[in-house]
Amino acid sequence: MTRTLPLAAGLAALAAPQAYARVSARGAMHPADDAALRPADAALVLGARVWPDGRPSRFLRQRVEAGAALYHRGVVPLLVLTGAEHNREGLDETEAMERTALELGVPESALVRDGSGHDTRASARNAKDTLGLGSVIVCTQEFHVPRAMWLCRSVGLDTQGAYPPVLARRHTAIGYARELPATWKAALEIGRDTLRPHDAPR
């Protein structure tokens, strides 16, 4: 009993930021084909792995498909394809994303590439500060949506979340598990920025 209580308390503390992120996203995150999604300035399509031959991974393709679906339904006029221009393997995530979006029938004029979106926080800041967007629909996997929405809201974006069908795969389970520490990291970053004076350098 004495060991169980500290373990339960530790697990509760680990899950607290993710629980908050999910509660705060409730009502604003939906499957990408859900009619409940409101019009926004853009779909913010987050980067993910690219294979050595330049093909997008399944998760990345799903994210672009979600953004393309929103565009074709008239929910957004623009897709911001944000990711690392040079990832750890030296590959350009945004180039693969753009190619996929074009294949899905999204015109080039409706695509913006942000190659400095090296993480979700940077993508959110770039959408707000560099591109001047006021509202976005974040397109990523369901496990990632709550944290991504929290980070976008923290920089002043009116944010919704759209996710593709959830794949019953090992990588999906890993994604849910990784969100626990990742959301803690996001919470600490958001807290630090909130306490930092507005005129302090970033």
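Its Cα gyration tensor gives the chain an equivalent ellipsoid; the semi-axes, largest first and in whole Å, are 28, 20, 17. Helix 145-154 and the longest principal axis of the Cα set of the chain meet at an angle near 90°.
When each of the peptides 135-142, 124-131 is scored by the mean number of other C-beta atoms lying within 10 Å of its residues, the order from highest to lowest reads 135-142, 124-131. Based on Cα contacts under 8 Å between residues 6+ apart, the range 26-195 shows a relative contact order of 25 percent.
Taking Cα pairs under 8 Å and at least six residues apart, what relative contact order does the range 103-202 come out at, in percent?
Here the relative contact order equals 22 percent.
A simple count of charges around residue 152, restricted to other residues whose Cβ falls under 14 Å of its Cβ and scoring Lys, Arg +1 and Asp, Glu -1, yields -2. Computed from the Cα positions only, the extents of the range 49-96 along the three principal axes stand at 35, 18, 12 Å, in decreasing order. Dividing the summed helix terms, -39500 (n - 2.57) for each DSSP H run of n ≥ 4, by the number of residues in the chain produces a 222 nm estimate of -14500 deg cm²/dmol to the nearest 500.
Where a number appears in this text, it was derived from the coordinates with a stated rule and is not lab data. Note that the structure is predicted; figures quoted are calculated from it, not measured. Cβ: placed from backbone, ideal geometry, glycine included. Neighbour counts: every protein chain shown.
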